[in-house]
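The block underneath contains the structure these notes are about, expressed in C-alpha cells.
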Amino acid sequence: MAVPSIIYNKTEEMNSASINIHLVPPKHPAVVPQLIFLLLLQVLLVLEAIMLRRSIAQARRCWLEIRQSRYLSTAPAPPELRRLHYPASSRSRRCQAGQETGQLSLAQINRMLKANEHSHILPRGPTSHGVLGFHSNTLPSNHPSEDRRSSATCLLGRGGVLFGVFDGHAGPSCAQAISQRLFYYFTVAMLPLRTLQELDRAVEEDRAVPPLLEWHKHPQDHSSPDGGAISFHSLRNYWQERLDEDDEEDNEDDGRVTSALMDAFRRLDYDVSVEAQVHLSLSSPRRVSIPGEGFSLSSPLRVALSGSTACVVHVSNGVLHVANLGDSRAVLGVQEEDGRWMALSLTNDHNAQNPEELQRILGEHPASERKTVVRHDRLLGLLLPFRAFGDVRFKWSPEMLSRLYDTRPDVLSAVSESVRTLPPHYLTPPYLSAQPEVTRHLMKPADKFLVLATDGLWELMHRQTVVQLVGNHVAGLQQQRPIVPSADTTLGCLQRLLLERRGRVQSVLEDQNAATHLLRHALGDDGYGSVDQNRLARMLSLPADLARSYRDDITITMVHLNDL
Amino acid sequence: MCSCVRSSRAMAPALLPRLLLPQMGFRLAGRGLWTSPQCLAVSGDSQLPPVPGQARVVICGGGIVGTSVAYHLAKLGWTDIVLLEQGRLGAGTTRLCAGILSMAKPISIESKMANYSSSLYQQLEEETGVKTGYVKTGSLCLAQNQDRFISLKRLATRLKVLGINCNIIKPKEIAKLHPLVNIHDLVGALHLPDDAVVSSPDVNHALAVAAARQGVQILDRTAVQQVVVEKGHVMAVETDRGSIECEYFVNCAGQWAYELGQASEVKVSVPLHGCEHFYLLTKPLQEPLAPNTPVIIDMDGRMYARPWQGGLLSGGFEKNPKPIFTEGRNQLEIQNMQEDWDHFEPMLSALLRRMPHIEMAEILQLVNCPESFTPDMRCLMGETPGVSGYYVLAGMNSSGLAFAGGAGKYLAEWMTYGYPTANVWPLDIKRFGNLQSSRTFLRHRVMEVMPLLYELKVPRWDFQTGRQLRTSPLYDRLDTQGARWMEKHGFERPKYFVPPGKDLLSLDQSKTFYKPDWFDIVGAEVKCCKEAVCVIDMSSFTKFELTSTGNQALELLQYLCANDLDVPVGHIVHTGMLNERGGYENDCSVVRLSKNSFFIISPTDQQVHCWSWIKKHMPNDPHLHLEDVSWKYTALNLIGPRAMDVLAELSYVSMTPEHFPSMFCKVRETSRSKAACCLFCALALMLPCLYLQEMSVGYANGIRVMSMTHTGEPGFMLYIPIEYALHVYNEVMSVGQKYGIRNAGYYALRSLRIEKFFAFWGQDLDTFTTPLECGREFRVKFDKDTNFLGREALLQQRQEGVFRRFVMLVLEDHDTELDLWPWWGEPVYRSGQLAGTTTSSAYSYTLERHVCLGFVSPPPGPEGLPTPITPDFINRGDYEVNIAGQRYPAKAKLYPFSSLFTQQKRRKEDMELSNLQGK
C-alpha cells in the first residue's frame, strides 16, 4: 500500500487550528487511505466479534498478541494485564491500626519500598553503549499509579539504550500507551531505510521480523495487551511513510538522534490523536453497547483524553540525548576532581516555573488571551505541564471536543471529573504540544550516573541532594576506600572507627538499589540528611485518599554510566 | 645469609615487622657458620654461583618446610642435595609467620609432628648457634561454651596419650596465667605449658645453616621452571639458570606448589589454594607484656594472640576469608599485600572483648600474610601418584611452623626408607587425585576450610562446599526420598534418609557431642536391615579391572595380595595388599571374573593410593592391563533376610534354600565347575564361599551379583552398569515393597559393621597394622605357591609374637541419652593403665550399647621391650574408655557376640571377611 507522505508540521497544525479528520489539510491526503484502513479494520473486528459471540476486546486481544509477539519485542507482553504491585494493599487498614498501635515495622517499610525496585546490569560490550546498568523504582500514590517507566536496548541499526519515565495525568492510560509505544517510534525514526524496507517486506510476507527492542522490565511493570493492533498499524504506517520519503540523509551524526526523537514524539502524539478520532467516528453510543469497551484503559479515547509527560534518555556511543516533555527531569551526577558531586540538569521543566516556557505559550496565542492561557500557574487554569502527550482537550478543535462530549458520555464518565467539560477560554487550540526539547551531552569520564525521575521526586528533593545521595550510595556499593590508621591510633579508637564504618556501609547497603535509596531519603528525610524512620513510616502509611496531597507518584531510574 | 640481611633491610620498613627478623640473629649467624661455598657466593650481589648440572635430590622452596626437608635428608646421610629458592630464603609465608608453635592439633599425627618440631627448634640454637627466638610461653585454648570445653577435654585426653603435657584448667587459673584475659565469659581452658613462640625466619635460617653445614647446596634467586619426567620418573629440573639432572624432586613451594605441580611434564596435582591471613602488631603496652606470657587461642572468638616485643601479636581465622592467587599469578615474593582493616574488624573486636585493657595499646601494623590451605585442612605429604621420585610437602593450613620439623623428618624418612616411621595416611597426598585440583573447587573449599580451623567440630561433620562433584545416577531419586549426604573423595554418599514430616533444617544444623538427632532414623534403618531388606547406594567404591593375556594378572595379584587368588572363576576373595612390613596398604575384595581377569573393589579413598600401589609393582608388560572402572558401575547393597526373595523375584532364578545349601553359594547348573565348587562348599560348610555371578535383574542383563554385604548381614552387592542403575533400582524398590524394602544410608551400615567387629582400612587399619594384629591370619596364605609382599615380615611377627591387638570394646554403664558419645581416638585403659586408643565407634542398636573398636597393647617389659600380647591379657583386664576425661567401663572382646548370628559357625569367619567399609 503506497501511502503518501505526511509531514506533520507543528506550525501548520497551529495555524490550521484544528485536527479534524473530516477536515484533513489538503497537504495530507495520505491520511485518508490510512483512516479508511483503520475503519475497515474496526468494522471487521466488530463483525467478527458479533459473529463469534465474542467480545470485541477478546477478539482484539488475540489479534494483538500475535502481532506483538511476532513483530515488536523480544519479550512478548504477558497475556493478562498486570497491575502495579501495591505493597500496602491493606494500607488504609494498616494506617488505622498504625495510629492505634504505632507504626509500620522496618520490615514492612522495606517491603513497601522495595516492591517495585528493579535493577539490571548490562553486559559489558558494544551493545551496552557505555551504560553499566540501571536501578529503578516506583512508588505509587495515586491508585492506580499514573507513573510509568521504560527501559530497553535497541537491537537494530546503530543501537543504543533507551530509558524513560512517564508521568500520567487524568488517568494512567496515556502514560501507559506512551511508555510502550514511544521507543518503537524512536527506533523506526532511527532505522536506516534499508532495514525498514526489510522489516516491511517481512511483515508483508508474514515472515518473522527481527525484534527491534530488548525490554528491561520489572516483572510487575504494567503491560497492556490491548490497543496493540492499532498501535502496530500506526507504527507500520509511520515507517512506510518514512520509506516513501525516500530521502534518507546518510549523516550518521548525532543530529539524526535529535531529529528522530523529535519526530517520534510528534508522530506518536499525532497517532494517539488520530486513533482517538477514528475510534470516536466509529463508536457512536449506539454501537458501543459492548460492555466494558469504553472503560478499557487502553481504549484510544481514554489514551487521548488522559495525558502524560515524558522524559527519555538515549545513550549511544558515549553520547546522551535527553528528550523532555513536561516536568520530569534528567540530572547528571558529575564527580569533580576533588571528589565532590555536582548535579547537572539536562532538561528544562515545561511548566509555569520556566519563564521561557511561559513566554513560548503566551507567544503562541493572541494577546487577548494573555490572562487566560496561564492561570494559577496552570495551562488554562487546569494543566500543570505545558507540554504533554495526549490531552486532546487542549489540542482538538472545540467542535471536535463538543462532538466527543455529545457522543461519548460513557467514556467521559469513566475518566476524571475535570475532563468532562470544555476548558474555559478555549479559544485558539491547540494549547498544548508534544514537541520535546532535546538536549545532547557528550559523556565524560566524570559523568558517573544519570537520574531520571518524575516530578514526584523533584518536589521533595533538590537535585544536588539527589546526586549527593546517589553518589554516596554508588561509592558505598563499590569498595570503600580502605583506611590507613595513623601509627599512634589505639586499638579501641580503631575499633570504634571500624564499627562506625561498618554501620555506615550497612545503612547504605540496606538498599542495594540506588532508586530505593533515594525514595527512602525523599520520603523520610529528617532535614539533616538522615532518614527519620517515623516520618518514613507516616508517609508510607497515609491512607489512599490522603496520600496524593502529600506526595505524587514517584518514579526514579538511575542509569549507571561510569565506575567511580 | 647476607641476602637475608639485604632482604630484611629492603622490606623491613613497610612490610616486615622488623622485630620478627631480629638483625642480630642474622649477623651472628654470619659468615663463619655458612660453610657451603655456594652460599658464600650468594653474598656477592650480582655473582650467582653456577647451577650444578647434576644432583641426587633437588628441593624446590627455601621456606621453613624446604629447609627442614633438606636438613633431615642430610641428617639421614643423604649427600648431593640442592635446594632452590626463587627469591630469597624464607621470603614467602615463612617470613610473615606469626611464630606460634602449638601442639594442640586436631589429629594425632599432627600433634606428633608439632611435638617433634618443638624439640627440634629448641635445640637448634645450640646446634647451629643461630638464635631462633624460642621462648617457652605455654598456650591457653579458651572455651566460651560447654561444647568447646568438651572438645578441649577430648583433645587433652588425646594429647596425654602422646605424652604431651597439658591440663584442663578453670577460668580463675587462666587469670593467674595471663594478666590481660577477661575470664567472665569463659567456661575453662586447655593449658599446654610446653607450647612456645619462635621466630620462623630465624628457624628457617638456622635449618638452612645446619643443612648447608652438612653439604646441602642452597641456591637462591633460582626459579624452577619445569620438572622433566621420563617414563614416570623424575629426570631433571629445569631452572631459569640451567637444568639439573636428578633422581628426586621435592616440591616445597608453599603458595606456588600448585602451579609448580602443573608445570611438570606430567602434571602433578597439588591441591592447595591461598587465602589472605591478617594479624595485628601493637607497640609495646604501657606495662610491657612479659615475653613468656602464654599464647591465647580463643577459637570461639576466632582469634589468637601472643606476646610480641612487649606488645601483642593477634590474628584470627575469620568467617569470610579472602582467597587469593586463584588465577595463579606467579608472584615472586609475597609483596605489597594490602592491609584490610575493615576485614579485620571482627577479629579486632574479638581481641578487645578478650582483653579489654589493651584498648589503649597503639597500633604498629596490620600484616597480611597469605597462607595456603588444602581441601581437608591437612597438609600434603609424600610421593605423588603419577611420577615416581616426585615428592611434595606443602599446604600447611597456617601451621607451617609447627609442622615443618616433624613433616620434614617424616618426608626424609619416606624418601630414605620408602615409608615414614609413623602412619601419615591422613596427610598422604595420594588421598587426593586430579578431581580435587580444579581451581574453582579449591577456591570454594578453602573458603570453608579456613574458618573451619577454629570452628567447633563435632562427630561426623561434613564439608559443605565443593559438593555434588561425583554422584551416583540415583542421586536425584534418593535425594527426593530424603537422603542426607556426606562426601568421600568427591563422591556423595547417603548418610540416612529423613522420613517425610521431620524437621529437616534442625536435623542438619544440630551440633552435639551427645546423642545425635538422627539416632531414631538410623535405628529404624538398622532394624529394617535386620528384619526385612534395605538398599544402600554404595557406588562410591573404587573398582579396578586387571586383565592380561596370559597369567600375568594372577601372578601380580598373588604377589601383591596375602590371600590366595588362584580360586575358581566367580569367587570373591577378601585380601589385604601388604607392604614389606606386613602392614595393610589396601584392604580389598578381588573377584576372579575369568581365568585372567580380576575385579578389584577397594574403599572409596583408595582410588589414587591403590592405583599407584598396583602400578608401582606392575611389570611393564603391554599384555597386562589395569583399568579404573569405578565410573562404570553403580553398586547397590541389598541387606537383610529378605534380600534373597527380592533378588529371586527380580531375576526369575529360583533362590530357595534347597537350591542354595549356603546362602552365599549360588549354584548355576550351566557351569559345571562352579557347581562343583559350590557343592564343595556345601559339603564343607566350614568354608565361606563368596561368589559372584552375572545375571539379569528386571530387563537389565549383565548385573554382577555378589553374595556379600560388607556388614555381615545376609544380602547381596549388585554391581550394575551405570546406564541400568535407575532401572534396576526402580525394579528393586517396586518388587521389594511387599518385603518392606526401604532406603538406608552409611550410618546404618556403620552401626552394623562395627557391632560385628569389621575393621576398615583408613580408620582401623593402616600401613602399620598387620593381619596378625587384627585377627586376620586366616586371610594370609603363607603356604600358597608364590611369595607375596610382606610374607617375611609376617612370618617374623608370627615368630616373635604380636605386640598389639585389635579388640572390640563394649561400653558398660554408659547412658546413651545423657553421656558423651565416643567418636574415635579415645584412650583405652586396662586396669588403670593406658593400653591403647580406639579407632572407630558406633552405637549398636542390637546390643543397645556403644561399641568401640581399637588397639590395645600390654605395657613394655622391664627392659623397655614390647611384650607379646596374649588372649589372657585381653580377656582378664578391667577396661575403661576415656571420653573427654570421663572413664567408662568396657568389656574387651576378641570376637563378636555370636548370639547376634543365626548361622554362627560360618558367620564368625564371614563377619571378618566382608570388610570393605569404603570409609
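The values are calculated or read from the model by the stated rules, or taken from the named source; none is laboratory data. These figures come from a predicted structure and were not determined experimentally. Please note: Cβ atoms are built from the backbone with ideal geometry, for glycine as well, and neighbour counts cover all protein chains shown.
General observations
- Helices (runs of 4 or more DSSP H) enclosed by the range B:141-259 - at least 2 residues per element that are touching an Asp or Glu at 6+ places or on another chain (Cβ under 9 Å) and either touching a residue at least 60 places away in the same chain (Cβ under 8 Å) or farther than 24 Å from B:S117 by Cβ (or both): B:146-161, B:200-213
- For the range B:760-808, a residue qualifies if it is assigned to a loop (DSSP other than H, G, I, E, B), closer than 25 Å to B:D566 by Cα, touching a helix residue (DSSP H, G or I) at 6+ places or on another chain (Cβ under 7 Å) and of a type in the set (A, V, I, L, M, F, W, C), and the qualifying residues are B:V780, B:F782, B:F788, B:L789.
- Members of the range B:517-570 that are in a loop (DSSP other than H, G, I, E, B) and acidic (D, E): B:D517, B:D564, B:D566
- Among the residues of the range B:735-759, those identified as in a helix (DSSP H, G or I), among the hydrophobic types (A, V, I, L, M, F, W, C) and either in the same structural domain as B:I429 (by the TED database) or under 23 Å from B:W518 (Cβ atoms) (or both) are B:A748, B:L749, B:L752, B:I754.
- Filtering the range B:249-276 to residues that are under 27 Å from B:S349 (Cα atoms) and over 24 Å from the mean Cα position of the chain (by Cα) leaves only B:E276.
- Condition met for B:L638 (outside any helix (DSSP H, G or I), out of contact with any Asp or Glu (no Cβ under 9 Å at 6 or more places or on another chain) and at pLDDT 90 or above): yes
- Candidates B:S398, B:S438 - the one that is under 27 Å from B:Q122 (Cβ atoms) and among the polar types (S, T, N, Q): B:S398
- Every residue from the range B:253-296 that is surrounded by fewer than 24 Cβ atoms within 10 Å (Cβ to Cβ) and among the aliphatic types (A, V, I, L, M): B:A263, B:V266, B:L281, B:L285, B:L289, B:A290
- Criterion applied to B:T440, B:T421, B:T465 was being outside any loop (DSSP other than H, G, I, E, B) and either within 15 Å of the chain's Cα centre (by Cα) or β-branched (V, I, T) (or both), and the one residue passing it is B:T440.
- Residue match in the range B:316-324 (condition: more than 14 Å from chain A (Cβ to nearest Cβ), of a type in the set (V, I, T) and either part of a loop (DSSP other than H, G, I, E, B) or in contact with a Cys (Cβ under 6 Å, 6 or more places away or on another chain) (or both)): no
- Candidate set from the range A:474-493 (those that are of a type in the set (A, V, I, L, M) and more than 17 Å from B:Q338 (Cβ to Cβ)); member that is modelled with the lowest pLDDT: A:L477
- Tally of residues being touching a strand residue (DSSP E or B) at 6+ places or on another chain (Cβ under 9 Å) and part of a loop (DSSP other than H, G, I, E, B) across the range B:810-850: 15
- Within the range B:348-371, restricting attention to residues that are within 8 Å of another protein chain (Cβ to nearest Cβ) and part of a helix (DSSP H, G or I), the residue that is surrounded by the fewest Cβ atoms within 10 Å (Cβ to Cβ) is B:M360.
- Among residues of the range A:500-516, those that are modelled with pLDDT of 85 or more and either facing another protein chain (nearest Cβ under 8 Å) or more than 19 Å from A:R340 (Cβ to Cβ) (or both), counted: 3
- Among (1) in a helix (DSSP H, G or I); (2) under 18 Å from B:A759 (Cα atoms); (3) out of contact with any Lys or Arg (no Cβ under 9 Å at 6 or more places or on another chain) - the single one B:D605 does not satisfy: (3)
- Output for the range B:783-840, where each listed residue is hydroxyl-bearing (S, T, Y) and either surrounded by fewer than 21 Cβ atoms within 10 Å (Cβ to Cβ) or out of contact with any Lys or Arg (no Cβ under 9 Å at 6 or more places or on another chain) (or both): B:T786, B:T816, B:Y829, B:S831, B:T838, B:T839
For (1) touching a strand residue (DSSP E or B) at 6+ places or on another chain (Cβ under 8 Å); (2) of a type in the set (A, V, I, L, M); (3) within 14 Å of chain A (Cβ to nearest Cβ), each residue gets a yes or a no:
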{"site": "B:N251", "(1), (2), (3)": "yes, no, no"}
{"site": "B:Q262", "(1), (2), (3)": "no, no, no"}
{"site": "B:P284", "(1), (2), (3)": "yes, no, yes"}
{"site": "B:I296", "(1), (2), (3)": "yes, yes, no"}
{"site": "B:E327", "(1), (2), (3)": "no, no, no"}
{"site": "B:Q338", "(1), (2), (3)": "yes, no, yes"}
